[in-house]
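The values are calculated or read from the model by the stated rules, or taken from the named source; none is laboratory data. Keep in mind it's a predicted model, so treat the numbers as computed, not measured. As a convention, Cβ positions derive from the backbone with ideal geometry for all residues, glycine included, and neighbour counts pool all protein chains shown.
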Amino acid sequence: MAYVVKQGLVHLSHIHRAKPIDKILKDPKKYRLSPEEIRKLGLVQEVQKYAVEKIGLKPSDNYTSYVKLPKDPRVLVYVVSASEKTKLSTYYWHFLIVGKVPYKGFFELEDAQTEAHYLKKEGYDVYVRGSSAFSTLGWFDDPLYSTMLKLDDLDLMDMLFHEMAHDTIYIKDNAELNESLATFVGAYATLDYIEEKFGKNSNLYKKQLSRISDSKLFSKFISKTIEKLEALYSMEKGKKNIDPSVAGASRNDETVIQREATPTEESILKEREVIFESAKKELQKAHFKSKDYSYFTDLALNNAVILAMNTYYANFEKFEKEFQKQGHKFAIFLKSYQPVSSK
């Protein structure tokens, strides 16, 4: 409860300072906005209109107001994820409205670090990352933050479609489906918007196609890494040793007694480091068309990092096949997930 109250109070203070974007754009000089901020606020409104009218996403009051944060930071929130060390088991936080989620966001880095320290003491792998965007998933009307305007145009469009997808479809207790579906919608809705506004021959359209290609490649890469880790953890769990009392018996002798041997955590962690280092080398050799995923090789990999990535990129190819089968029509695609939505 203390967490919700503290983060809620910060968010409410942001809402109190927020100004309607419509009002700002009528008199931008009054609010001391740069020409680039004015342009991007206009882009936000265009994308929101397109999302509702052409993609079929649910309209809301989210991102209709603007907050310019002091000190002009690039990071808005710090997100904590965790997992068990010797198996791919995500740590979940439970909240009344949204259900269980595999992440917890903090406005202050110190608070995120305190949470991470506690989880590490409990024996979990932990991943802390910064984000320029934030959503309360329906708890409040979310303003647009100045950190979001620092995104390039493609990232800003993608972020808006992604968050509006959450407003449209949200399945309680199923973060992987929620996030991976929103990731897919964000990517292809951005492509559709660019096609209509700038055409298929535009540089933006070609760049977004490359980003989609990279997202599919990264999705496959994460799935492959997970398969290797699962194989390691299952092999270690089922590994058997010969009982020393009958060590002299023949291997074919039926009198050989086998017993379960629990490998040490140290040995498992050592073996998984080989997988992580191999994964980094594999990613560097992959034929990505952009540098969107180059940051991955700089991360200190653990189960929490891999599972956090999978939350957003699982099912990308599956969604794409469904989307193509449905004639590239968002109305049909989104409707196929609406019946299970509890929102």
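For the stretch 103-135, taking the residues that are surrounded by fewer than 16 Cβ atoms within 10 Å (Cβ to Cβ) and assigned to a loop (DSSP other than H, G, I, E, B), the one that is nearest to the chain's Cα centre (by Cα) is identified as E108.
Filtered by the rule that a residue be without any contact (Cβ under 8 Å) to a residue 60 or more places away in the chain, assigned to a helix (DSSP H, G or I) and touching a helix residue (DSSP H, G or I) at 6+ places or on another chain (Cβ under 7 Å), the stretch 1-37 gives I24, L25.
Here A51 meets each of (1) in contact with a Leu (Cβ under 9 Å, 6 or more places away or on another chain); (2) surrounded by fewer than 14 Cβ atoms within 10 Å (Cβ to Cβ) with one exception, condition (2).
Considering only residues in the stretch 261-278 that are of a type in the set (A, V, I, L, M) and modelled with pLDDT of 95 or more, the one that is farthest from the chain's Cα centre (by Cα) turns out to be V274. Residues in the stretch 276-310 that are more than 18 Å from D214 (Cβ to Cβ), outside any helix (DSSP H, G or I) and not small (G, A, S): L301, N302.
Conditions tested, residue by residue: (1) assigned by TED's automatic domain parsing to the domain that holds D158; (2) free of Cβ contacts under 8 Å to residues at least 12 places away in the same chain; (3) within 18 Å of T147 (Cβ to Cβ); (4) outside any loop (DSSP other than H, G, I, E, B).
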residue: K40; (1), (2), (3), (4): yes, no, yes, yes
residue: V44; (1), (2), (3), (4): yes, no, yes, yes
residue: V47; (1), (2), (3), (4): yes, no, yes, yes
residue: K58; (1), (2), (3), (4): yes, no, no, no
residue: S83; (1), (2), (3), (4): yes, no, no, yes
residue: H94; (1), (2), (3), (4): yes, yes, no, yes
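Could you look through the stretch 83-102, keep only residues that are closer than 26 Å to A231 by Cβ and of a type in the set (K, R), and pick out the one that is surrounded by the most Cβ atoms within 10 Å (Cβ to Cβ)? By that ranking, first place goes to K85. Does the stretch 43-60 contain at least one residue that is at pLDDT 95 or above and at positive phi? Yes, the conditions are met somewhere in the stretch 43-60. Within the stretch 65-81, the set of residues being assigned to a strand (DSSP E or B) and closer than 22 Å to D141 by Cα comprises S65, Y66, V67, V77, Y78, V79. Of the residues contained in the stretch 191-207, none is found to be touching a Phe, Trp or Tyr at 6+ places or on another chain (Cβ under 9 Å), closer than 14 Å to N315 by Cα and of a type in the set (V, I, T). The test for being charged (D, E, K, R) and either assigned by TED's automatic domain parsing to the domain that holds G99 or free of Cβ contacts under 8 Å to residues at least 40 places away in the same chain (or both) does not hold for E179. For S234, which of the numbered conditions (1) modelled with pLDDT of 95 or more; (2) of a type in the set (S, T, N, Q); (3) assigned to a helix (DSSP H, G or I) fails to hold? If we test S234 against (1) modelled with pLDDT of 95 or more; (2) of a type in the set (S, T, N, Q); (3) assigned to a helix (DSSP H, G or I), just (1) comes out false.
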